[in-house]
1. How much area per residue is accessible in the protein assembly as shown when the probe is 1.4 Å and only protein heavy atoms are counted (Å²)?
2. Span-like helices, chain B: DSSP H, alpha-carbon axial extent 27 Å or more, mean Kyte-Doolittle -0.5 or greater, which ones?
3. Full extension from B:LYS106 to B:ASP287: what is 0.36 nm times the residue separation minus their Cα-Cα distance, to one decimal in nm?
4. Give me the net charge of B:ALA216's neighbourhood, meaning all other residues with Cβ under 14 Å from the Cβ of B:ALA216; Lys, Arg count +1, Asp, Glu -1.
5. Enumerate the calculated ³J(HN,Hα) couplings along the range B:39-49 in order (Karplus 6.51 cos²θ - 1.76 cosθ + 1.60, θ = phi - 60°), each rounded to whole Hz, writing x wherever the residue is Gly or Pro.
6. Just how far, in whole angstrom, is the range B:179-237 from the range B:25-82 if you go by their alpha carbon centroids?
7. Which value, in Å² and to the nearest 10, is the accessible area of B:ASP67 when all protein chains are kept and the probe is 1.4 Å?
8. With every protein chain in place, what's the accessible area of B:CYS185 (1.4 Å probe, Å², nearest 10)?
Amino acid sequence: MKCDQCDNEATVHEVTVREGEKVERHLCEQCAVQVGIASESSQNPIEILKMIVEPPGTRQAKAAACPTCGLTFEDFRTGGLLGCANCYESFEARLLPLIERAHEGGLQHTGKIPTRLCGQAETSKRRVLAALIEERAHRAATIRKQLEDAVKSEQYERAAQLRDALQKLTQEQAAGDE
Amino acid sequence: MPPPGSQPSTPPNPPHHPHDESGVEWLRGEGAETDVVLSSRVRLARNLTSFPFANRASSEQRQEILDISRSAVRVAGIADRTLWLNIHETSPADRALLVERHIISKQLQRGRAATVGEDPRGVCVSLPVERVSIMVNEEDHLRLQVVRSGLALDEAWRQADGIDDALESAVDYAYSPRLGYLTACATNVGTGLRMSAMLHLPALKITGDIEKVKKAAGDMCLAVRGFYGEGSEAVGDLYQISNQTTLGKTEAMILADLHERIIPQVIEYERLARKTLLTKRSLALHDQVYRSLGLLTSARLIAAEEAMQHLSLVRLGICTGLVKHLSSKTVAGLMLLVQPAHLQRTVGRELDQDARREARATLLRERLSR
């Protein structure tokens with residue numbers, strides 16, 4: 001099939017429904033990039049793999065800066081240091097796996113509490129929460145391992161399922177923190 | 001400007017004979033297990049809320065952090081006598097002196113590379129014995145350090161914990177219930193606690209078993225570093241063993257692991273190696289120790305690293321009873337005095353590398369033949 005706009009072979013096919021009517025577009029790669037329904041990098045197999053493995057939203061977040069200090073995650077990767085206390089929240093999803101790895105699986109502070117916060121911290125509630133977080137962290141680590149194996153053995157469908165499971169777990173975690 | 005009522009700005013030359021080794025806690029040679037353990041050190045990393053971390057703070061913000069910290073330290077009353085030094089106002093020679101004494105890190109000495117001019121940063125140190133120090137605007141806003149001679153991580157921790165509480169009543173620390181004390185580097189988050197012991201392990205080096213210790217330490221997620229911390233060589237067979245992970249374990253767990261389990265094991269291992277050398281390779285050990293002593297008392301030119309290596313063997317000779325006329329404290333003191341900044345301070349003038357080698361050899365001959 002030829003491209004709608006030039007003589008090249010059409011490799012990108014788009015079907016949309018507008019006001020109840022089916023509209024088809026068949027374009028070559030260059031024209032598809034021009035009209036904005038494909039990106040140049042989408043043909044790169046590594047990028048495709050990243051799309052599968054990385055949770056949706058991560059790519060946009062990559063460019064986002066910490067609203068408090070302006071540090072981006074790329075800055076952090078380059079310099080190795082965070083910019084402010086709020087960076088931990090701003091980059092939570094990508095930081096937690098790194099923190100977990102650096103601290104032998106530790107994801108919950110169990111040490112000293114500043115005296116000014118002692119009154120606020122209800123001990124038993126904190127313990128329950130800590131246990132819950134630990135359990136989730138353990139589950140997340142298992143899934144992450146399975147996900148790595150799935151990608152290695154090119155089981156992309158399973159990888160996508162595992163990625164969704166991991167994302168759900170992260171959301172639960174975030175909801176639990178609120 | 002420092003807040004009203006804080007200590008007056010310090011003169012460039014600290015008033016307590018800083019080239020003298022007498023105030024250096026880690027050279028006192030007192031306490032438990034001093035045949036192997038030179039010192040125990042506890043460090044806490046803390047940051048103030050409402051400021052970016054030190055690396056991302058502007059010079060004005062860093063000045064403000066410095067002022068607030070200085071007031072907090074004064075209110076907290078960390079020791080009967082303290083000395084406050086604005087590192088950005090001190091001479092390069094004084095900075096080098098503080099690094100050699102383990103009061104400040106090389107990072108605080110350097111300051112921020114990207115900054116034009118000198119970046120506000122400081123240190124507070126307890127006197128007359130330099131047991132407590134607080135660095136301001138290093139990687140974190142506050143780095144509290146307590147050092148004790150010998151194996152005394154428990155005492156060092158108790159003191160650090162108390163000072164931390166006192167500081168915390170004066171300032172608000174960046175803290176999250178989930179991740180604990182928030183630090184510029186994610187590897188310190190949680191307790192912000194690093195405990196380390198400085199060990200003299202010459203026998204394990206000679207037998208080659210030091211590699212096994214390093215490997216075992218690595219497997220247990222412990223760091224093994226040299227005399228001057230991260231990235232430094234283990235000159236003089238001095239090694240610092242410390243915890244790496246700070247999140248998920250309580251301070252008490254970290255303390256128990258190192259103080260009761262790991263460090264005593266390494267001590268026993270070193271003692272066993274010394275005993276083996278003494279019984280099975282007695283003459284060779286004798287020979288090595290006395291060659292080193294001979295070299296140190298005869299050389300006319302000597303580099304710091306070479307001096308450290310021979311001082312290490314002489315210390316081994318003292319600890320195994322082969323050398324009786326010297327004390328291990330004298331030798332440990334010389335390990336500090338042969339360092340470039342201390343050597344120049346002792347001599348009283350700036351020296352180039354060749355002149356330093358000559359002055360070092362002279363100093364060693366004098367001190368060891370007394």
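1. Numbers: 26220 Å² over 548 residues.
Ligands and nucleic acids excluded, the result is 48 Å² per residue.
2. none
3. Numbers: separation 181, 0.36 × 181 = 65.16 nm, distance 3.70 nm.
Stretched out fully, the B:LYS106 to B:ASP287 stretch lengthens by 61.5 nm.
4. -2
5. 7, 10, 9, 10, 10, 10, 9, 9, 10, 7, 6
6. Measuring centre to centre over Cα atoms gives 20 Å.
7. Roughly 30 Å² of B:ASP67 is accessible to a 1.4 Å probe.
8. 30
The values are calculated or read from the model by the stated rules, or taken from the named source; none is laboratory data. Just so it is clear, the structure is predicted and the values come from calculations on it, not from any experiment. Neighbour counts are summed over all protein chains in view; Cβ atoms, including those assigned to glycine, are modelled from backbone coordinates with ideal geometry. In case anyone asks, the SASA skips ligands and DNA or RNA and just uses the protein heavy atoms, side chains included. Shrake-Rupley method; radii C 1.70, N 1.55, O 1.52, S 1.80 Å.
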